[in-house]
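This report refers to the structure that appears directly beneath it.
The values are calculated or read from the model by the stated rules, or taken from the named source; none is laboratory data. Computed from a predicted structure; not experimentally measured. A quick note on method: Cβ atoms are made from the backbone with ideal geometry, for glycine too, and the neighbour counts reach across all protein chains shown.
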Amino acid sequence: MDCMELDRSTIAARSMGRQMHERNRGKFMLAFLLCLISSSFVAKAQTPDPKPPGPPSDPARPPLIPLPQLENWSFLKDPSKRVDFFDPIKYVQIGDGNSYLSLGSEYRIEYERYTANNFGVGPQDQNGYLMQRVLPHFDLHLSNHFRIYNEFQFDYTDFRNGGPRPGLDEDRGDIHQLFFDVGSDVRTGNGVQLRAGRQELVYGRGRLLDNNEGPNVKLSFDGFKVSVDTRGGNVDFFAVKPVNPSPGFFDDAPVHGQSLWGVYGSNIFVGLNKPRADIYYIGFDNKNASYDVGAGREIRHTFGGRFAQPVGKGLDFDWESAFQWGAFTDKSIHAYTVQTETGYTFEQSPGHIRPFLRFDVSSGNSSNDPNGHTLGTFNSLFPRGAYITPKMAPPFALDNVIDVHPMTWFQPFKHVETSLGWDWFWRYSTNDGLYAFPGFPIRNGLYGGYPLIHGNLTKYSYIGQLGDMEVRWSPAAHVIIAFNFAGTINGAFLNSTAKSNDITYINTGFTYRF
């Protein structure tokens, strides 16, 4: 979305079109309820696991996910394992030893349409637009101890009124990842590894560090990472700078005004396939931070932990909490978040239905006095691009927000997965504003959220609601077809401070990976 600052000048337009606003709200509610009813009906169909058609996969064959740098194709050294059409290029042996080259790519094309994009502020596109991206990569293993990985990014958006959104829709051609690994065993990641260069950082569920998956343009970082993998878990030490995804050809560069460093321990207390525990520290230096009380340099430290039971049979959960401290201009930072997901899979039910509940609290500032001595606004750093819904770019960040998000996941047909959800949002502090989602769009060449709507315009807490639905189908190996529908019903805070048209969103896409 086009994140534009909304101020008092937009309030006067609120009363115009109120009747149309209410009719649109009713239409959206009716459409979503019909989708909910019809999807609940098809959930009673037969429900084997939604795997792509074809022969059963070799246990060693890695899944084709948006993280190809994690794939290990060395098992194809055995010619009898090569059963897929692309296997000859997934393992190209070099010499007689353990050196090989692996080639792959992702192609994705999507049609996307908003009504009242950015709550109706700014350029609107009633006809929708087309987005395409191509992510070719090569993975060169010159031994068990040295590896070079390269992934390009070609992202294009056509027919969009107002042009591509910065940092979100288009990067015509650039190096998304280019790093080398040196270590004990670069195929499996066991032992100690050093990674240097441009790379993705994806941890946990992407609440704080992610590759911005969802939107057309992905995020990467320039820097170093040292990974230590043992039977007791994995620990990563990193020092990086975020990369600014400029729209031209091979012009992406690190954001010199921002630095990120930290340590992330994964699964350090318990074994795989059991409840896991993560613990982490993240430091962030941002020379151009912006909050409701002003702008300036921010040095923020985050210490947090995550406790999770993987999704499977019966109860699952994913609970995370973090505390932040540091300094913003002359203020001390004291902020926190608690983010939870708790679900239950009814394995014997039609569709293997899994209802679950997400509940998030991220603190806001208790005062709108620019001369105050503390800042209580939580900073979500570099979260997943489609964290709130499976696909739609979030209309706002979850900083200074409380949200309750019940959802349901099920398998209505063979090779099909469906999710339905409804989210309610409130401001944590009525003295703090509502913030733009980090990176949507890039502002002044820098990642980071900024005040989307200032908090002193109203004392209302209730922001509004957001409903979402996703259907994903794998009709053949390498192929995913998806449909997403979402929309907002604005609450008292938005209705009293902004041109508060309700948003509706449709996305349908085709993805091919090998």
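The criterion of being touching a residue at least 24 places away in the same chain (Cβ under 8 Å), surrounded by fewer than 17 Cβ atoms within 10 Å (Cβ to Cβ) and in a strand (DSSP E or B) holds for Ala277.
Take the residues in region 478-498 that are touching a helix residue (DSSP H, G or I) at 6+ places or on another chain (Cβ under 9 Å) and surrounded by fewer than 23 Cβ atoms within 10 Å (Cβ to Cβ), then tell me which one is farthest from Asp432 (Cα to Cα). Result: Phe485.
Scan region 185-241 for residues that are part of a loop (DSSP other than H, G, I, E, B) and within 23 Å of Phe437 (Cβ to Cβ) and the total you get is 20. Within region 95-109, being loosely packed, with under 13 Cβ neighbours inside 10 Å and modelled with pLDDT of 95 or more holds for no residue. Checked against (1) farther than 18 Å from Arg133 by Cβ; (2) under 25 Å from the mean Cα position of the chain (by Cα); (3) surrounded by 20 or more Cβ atoms within 10 Å (Cβ to Cβ), Arg205 passes all but condition (3).
Identification of strands (runs of 3 or more DSSP E) wholly contained in region 75-179 with 2 or more residues that are over 30 Å from Phe396 (Cβ atoms) and out of contact with any helix residue (DSSP H, G or I) (no Cβ under 9 Å at 6 or more places or on another chain) yields 92-94, 137-141, 146-158.
Taking the conditions (1) under 21 Å from Pro66 (Cβ atoms); (2) touching a residue at least 40 places away in the same chain (Cβ under 8 Å); (3) crowded, with 16+ Cβ neighbours inside 10 Å in turn, Ile175 satisfies each one other than (3). Residues considered: Gly449, Gly445, Gly464. Of these, the only one that is at pLDDT below 85, of a type outside the set (A, V, I, L, M), on the phi > 0 side of the Ramachandran plot and under 23 Å from the mean Cα position of the chain (by Cα) is Gly445.
Does any residue of region 36-51 turn out to be among the aromatic types (Phe, Trp, Tyr), at pLDDT below 90 and loosely packed, with under 15 Cβ neighbours inside 10 Å?
yes
Quick check, is Pro62 assigned to a loop (DSSP other than H, G, I, E, B) and either modelled with pLDDT under 95 or over 32 Å from the mean Cα position of the chain (by Cα) (or both)? Against the criterion (assigned to a loop (DSSP other than H, G, I, E, B) and either modelled with pLDDT under 95 or over 32 Å from the mean Cα position of the chain (by Cα) (or both)), Pro62 qualifies. Residues in region 337-367 that are under 20 Å from the mean Cα position of the chain (by Cα) and surrounded by fewer than 17 Cβ atoms within 10 Å (Cβ to Cβ): Val338, Thr340, Thr342, Leu357, Phe359.
Per the conditions (1) among the hydrophobic types (A, V, I, L, M, F, W, C); (2) more than 19 Å from the chain's Cα centre (by Cα); (3) closer than 15 Å to Gly204 by Cα, the sole criterion not satisfied by Phe382 is (2). Within region 74-88, the set of residues being surrounded by 15 or more Cβ atoms within 10 Å (Cβ to Cβ) and free of Cβ contacts under 8 Å to residues at least 60 places away in the same chain comprises Phe75, Leu76, Lys81, Arg82, Asp87.
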